[in-house]
1. Have a look at the range A:17-50 and report residues whose accessible surface goes down by 50 Å² or more when the remaining protein chains are included, against the chain on its own, probe 1.4 Å, ligands and DNA/RNA excluded.
2. Rounded to the nearest 0.05, what FRET efficiency do B:R129 and A:V2 have when you use their Cβ-Cβ distance and R0 = 30 Å?
3. Label points 7 Å out from Cα along the Cβ direction at B:S255 and A:S127: separation in nm?
4. Using the alpha-carbon centroid of each, what span in Å lies between the range B:58-96 and the range A:185-211?
5. Taking Rh as the Kirkwood radius computed over C-alpha pairs, what is the Stokes-Einstein D of the range B:526-610 at 25 °C in a medium of viscosity 0.890 mPa s, expressed in µm² per second?
6. Carbon and sulfur atoms: what percent of the 1.4 Å accessible area of the range A:6-61 do they account for?
7. What number, in percent, do you get for the relative contact order of the range B:300-358 if the mean sequence gap of Cα pairs under 8 Å and at least 6 apart is divided by its residue count?
8. What FRET efficiency comes out for A:Y363 versus A:S62 if R0 is 30 angstrom and r is the Cβ-Cβ distance? Round to the nearest 0.05.
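The values are calculated or read from the model by the stated rules, or taken from the named source; none is laboratory data. Note that this is a predicted model, so its numbers are computed, not measured. All Cβ positions, glycine included, derive from the backbone under ideal geometry; neighbour counts span all protein chains shown. Calculation scope for accessible area: heavy atoms of the full protein, side chains included, ligands and nucleic acids excluded. Shrake-Rupley method; radii C 1.70, N 1.55, O 1.52, S 1.80 Å.
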Amino acid sequence: MVNISPSLLLELLQRIARVTKDYLGVLNEDSLRKNFILVYELLDEVIDFGYPQTTSTEALKSYIFNEPIMVDAGRMPPLGPAAMFMQGSKRMPGTAVTKSVVANEPGGKKREEIFVDIIEKISVTFSSSGYILTSEIDGTIQMKSYLSGNPEIRLALNEDLGIGRSGSSTHDYRSSSGGGSVVLDDCNFHESVQLDSFDIDRTLHLIPPDGEFPVMNYRMTQEFKPPFRVTALIEEAGPSRAEVLLKIRADFSANVTANTITVQMPVPSYTMRASFELEAGAVGQTTDFKEGSRRLEWNLKKIVGGSEHTLRAKLTFSQESHGNLTKEAGPVNMNFTIPMYNASKLQVRYLQISKKSKTYNPYRWVRYVTQANSYVARL
Amino acid sequence: MAPTAPSPAKSASPSQPSGKSEVSDLKQQLRQLAGSRAPDADDQRRDVFKRVISCMTAGIDVSAAFGEMVLCSATSDVVLKKMCYLYVGVHARAHPDLALLTINFLQRDCRDQDPTIRGLALRSLCSLRVPNLVEYLVAPLTTGLKDPSAYVRMVASVGAAKLYHISTTTCLDADLPAALKALMLSDSDAQVVANCLHSLLEIWTLEAANSEAAAREIETLYSKPVVFYLLNRIKEFSEWAQCHVLELASKFLPSDNNEIFDIMNLLEDRLQHANGAVVLATIKVFLHLTMSMTDVHQQVYERIKAPLLTLVGAGSPEQSYSVLCHLHLLVMRAPMLFSSDYKSFYCQFSDPSYVKKLKLEMLTAIANESNTYEIVTELCEYAGNVDVPIARESIRAVGKIALQQYDVNAIVDRLLQFLEMDKDYVTAETLVLVKDLLRKYPQWSHDCIAVVGNISSQNIQEPKGKAALIWMLGEYSQDMHDAPYILESLVDNWDEEQSPEVRLHLLTAVMKCFFKRPPETQKALGATLAAGLADTHQDVHDRALFYYRLLQHDPAVAERVVNPPKQAVSVFADTQSSEIKDRIFDEFNSLSVVYQKPSYMFTDKEHRGTFEYSEDLTNLTVGVEAPETVISAQRYQENDNDLLLSTSDKEDNVTRASNGSSTSTYNAPPDLTGPSSLLSSQTPTETALINPGGPTYSAQTNFSLDDLLGLGVPDTPAPPSPPALTLNSKPVLDPGTFQKKWGQLALSLSQECSLSPQGAASLMNPQSLIRHMQSNYIQCIASGGQPPNYKFFFYGQKDGATAFYLVECIVNTASAKAQLKIKADDGTTAQSFSTLFQSALSKFGLS
C-alpha cells in the first residue's frame, strides 16, 4: 500500500499509543524503556505484516504475557489530556488516570472503578467592541473503565438534548432538532455504544471495553456564555510610548476555580521595553515581556468565579509610532483550564452500572473540564 | 520493528550495554543456562534474553548468539518463547544456515495444544523470510488455515501472503489462494475474513500481471456477491478491517440504483463512527456510488458536512489536518454547497499554520455574494497576524476574492488600506494584487493610482512588490504626475538593484513612459538603455539591446510593440487542470488528497527520480520483471498463433515480412534478448530457422507468391499507403533502453482519446488491455495503477526500421478517457503511429 489513507494511519498510530498507555499506565520515555519487551509483544499482536489485527486492550489481554513494570507516576509529568486532572481538583484520586488497566495494585486487588470525563475545548473570538464573533465547543465524553466482568452501563444525558442545527442541514436523522436547551451540531460515537434508546430518552447503552476510549465526540456552535470576558486597550501616551490595559472577568459561579491561566498579547515590533503594574494584593501572578516574539505575557495561577483581574503595562518604543496602534498589536489570546465546569451545559444525568450482586458498588467518577482552544479578543 | 541505531549519548548510559564483550558475556551466560534445570532457571533466562533484545534494540549486532539462543529456546515459558521468536525473526534472514536450527522447535510448537503457542509459532515460521526453508511452511500453513482456533487461522491467513512474497510458486502450488477464498466466504471470525481478503488482494494483484485467471479472481472480489457478503457483516469487523472492506466497496460497480441505495442505507450509521478513517472510507463509497446521480450526489455532500467538521474538531492536529484536506477537496469541487458554512473555516489561534493555509484557500473558494463581506473582514484581521506567511496568504486571499468579482468595490478599498499599514511585506503583497486587479478591472485605475502614487519605492524591498509598482508606473504614467521622475530616480540606482526581474520591469516601464511623456522621459530613457546594455544579466542586456535597435529602426513600430492597446484579463489561468483534480477525487481517502497530487506523481518511480523496477513497489506491476521468460513465452505463443492464422491475416503478416528487408520480424532467442544491439545483429539464418512455415503457407495465395517472387528484386517498391504505418510484430526493447530513450526523446505528441465503454469496463483487468495491444503489435513494458486509474508504458517499432515509438498511456476507467504521450525516434511518423495506436485502443473491449 503505497498510497494509503492518511487518516487510517494516524488513527492507528494514536490507537497504538493509547493501548500502550492502557498497559503502562503512563506513556513516556521512562515507561517505554522499562517495558520495551512488553511493547514489542504488543506491536506484534497489533499489526501483522502491515495489517492491523486487534487494537482492543481487552482482546489483547489474552495474548500478552509480559507484566508491565510500573514507573513512579508522581515523578513523571503526565502526558495527554489526562494531565489536566492532575492539578487543582480535590475530588480526583491522584493516581487514578496513571494506573495500568492490566496490572494489579500493590494490595493485590483491583479497585472497581470507572471514570467518565466530559472534556470540552472552547473557541471564542471577541470583536474589538466585545461582541462574540464566533464560538464553538468541541467536546468528548471519555471513559476509562477498571471494572471487572464487563457490566453493562447506562449513561444518561440531558433529556432535552438536540442534535443537528435546525434548518441549516437537510438531513434530520434525529427528529428532535432545535427546541432543547442544549443543541449539538453533530456527534459521533464509539462502536461499543448502542443507540437504541438514544432517540427516546437520550441514554447511551454500552459495555465498556477495558481501557480508555471516547464514548462520544460532539461539536456545538450554538451560542453559550463564555467563561471569561476579556477587555484589552492600547493607547498612545506620548511620542514613543503607549499604555496597555488588560482586564479579565470570570463569568462563572464562585465555587468553581480556573487554573493555569495565560494571557498573551503581541505588541508593536518596535517595542523596546515594557513595565508592568499588577493590581493591589495580587497573588500568584507573574508578568513577562518576551522580547524575541514581542509579546506581553501574564500568568495567573488561579481565578475564582466572579472575580475580576487587571493588568497595566507601559510600553517604550524605539521609534515614534505611526498611525494606528491597534493594527500593530494584538489580538489577545488566552489559555486556561476550568475543572468542574462545562460551557455547553451537556450533563451526565446518571451513570448506572448493572449490578452483579447487592454489595457490588464500584466507584464512579464523573468529571467535567473546560479548556481554551482558541480564546481570542481583538483590539 | 527493525532495531534502531543508538544515539551516542544513550549508549553511554549504564543501562545501555554496548560492545563486543557484552555479546560474548551474554553468549557465555546463555550457554550456562541452556541445560539448567534449576527452579529459577526460567527467570534467569528471561533476564538474559531481555538483555539480548535490549542490545538488539540498541543496534548492537547480537547475531553471534544465535546458536545459544536456539539452545535455550526449548522451554514452556511463553514469555521466553516470544522473546526468542522475536530474536529469530530479526536475524534469520541474514543467517539462513542458522535459521534451519529453529525450524524444528517452531514446527513442534505449531502442533502445541495451546492455540496461542500454535499461532505464535506459525507467525514466526512465516516471518523467517528464508527462501530455502519454504518447504517447511506449507504443511503448517495448510493445517493452520483449518485450525479450530480463530487466532491461528488469523495468523495463517496472513502467513499465506508472507509465503507468497518469499516464494510465489510454493504458495500457488499449494493452492493456498483457493483455501483463503473459501475461508473468506465462510469463516465465523471477522478478522480471519479480513486477513483472507488482504492476502487475496495482495496475491492476485501481483499475479494478475502474469495470469488471466488471477485477474478474473480479482474481478470476483469486486463482484456483487462478495461485496454484499462483506458489507452485511460490516459491524463484526474491527475498525481497520472495516476501512479495507469499504475501500473494496468503493470500487464496486453497481448494476442499478437499488443496489446503490441498499449500500448507502446499510452504511449510513458508519458516518457517526468516532474513527475518522472509517468515516472517510464510508464517504468515499457514498461519493463514488452516486457519481452518476447529480441530485443524490449533492445530498451526500450535505450529509457528510457535519461529520467531517466534527472530526476536524476532535483528535490531534495531524488527524484534523488529514480530514481537513478531504474537506478542502470537497469545498474546491463544490464551493457553493459550503457557502453558508464559512465560519467553520475561520482560522483559530491554536491552528498550526498548515491548517490555516488550507482554511484560507477554502474561504477564498466559497466566497460569494452573500458572504464576501464577512469573509473579507475576517481575512483583513489576519493581515496583521504575527505569523507572517499566514498574513501574506491572507492578503493574497483577499486579492483572489476580488478577482472572483464579488463586491470588488469594497475590497479595493480594503486593499488600499493595507498599503497604509506600512509593513514591508503587507505593502509588497498588496502591490502585486493591485497590479493583477488593474489588469482585470482597468476601470479602477484612478482610485488605485492615487494611493499607489504616494508609495515611496525606497520602502519596498521585495522584488515582486517593487516590480509590480514599476509596472504600474509605466502602465499608468500618463495619470501619475511624478512617474517619469520616480522612474528616473530608480534608474539612477540601477547598479544597486539586485533583482534582474526588477531591472527588466524598469526597462519596459521607462520605454512605456517615454512614449506617453517623451520630453520628460528622454533623459531617463538614454540612461536606462545604457545601463541595460552594460548589464551583466543576459536577459536584461538582450532586452535593452532589442529596445535600442527597435527604436533605431522605427519609433512608431517600437510604440506598437511596447504600448499596444491591452485587453483586460478575464480569467487568470488555473494552476491545476480539472483532469488532475478529478483524478485526485477518484483517489479520495488516500495520500493523494493530502499531497494534492494524483498518486502516479509520487508513487511511480519515474516521477520520483530514477525509473527503475523493484519488488518493493507493489502497485506498479511490471510486465518485464523477467524479460527473458516473458518474451520467450510470447514468442512461443506467437508461433502457435502463426499456425492458426487465417489466410487473410497471414497475407498481412507476410507482406510485412517481405517488406522488412533483412531486419527480422522475429525476436532473438530468449537467452540473447538482453542488449538491444542484438536486434540488428540477427542473422538471416536465425530468421529462417524460426519462421520456416511462414512462406510455405503464404505461398498458397497469389498475392504472397508475387511478393515472394519479388523478394530478390531490389527495386520492388512497397505498396504506397502513406498514412498506414505498419509495425514490427515483435519489436524488442529492454526496460533500460526504454528508460533511456524516454529520458532523451522530446515529446512528439500529447493527445486525449476515448475508450469504448466496454473497453473501460474490461479494464478491471489491465492484463487484457496489454494482450489486446500486443495483438496490434504494440508491446507493454510496464503498467501500474489501481481502479479507476491505470498507467501503461507501451512501445512499438516501425516495421523494417530501427525507429521506436514510446507511449505513456494513462487510462481513467471512470471517464473512459486515455491520455497519450508519444515520443518517437522518427518524429515525422509519430502522427501515423498515434492514429494506429488510438484505433487499436478504441477497439479494445469490442471484440
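1. A:R33, A:F36, A:I37, A:Y40, A:D44, A:E45, A:D48, A:F49
2. E(calc), rounded to 0.05, equals 0.90.
3. Going from the B:S255 label point to the A:S127 one covers 6.0 nm.
4. A separation of 46 Å, based on Cα centres.
5. Estimated via Stokes-Einstein, D reaches 139 µm²/s.
6. 66 percent
7. The normalised contact order for the range B:300-358 reaches 33 percent.
8. About 0.70, to the nearest 0.05.
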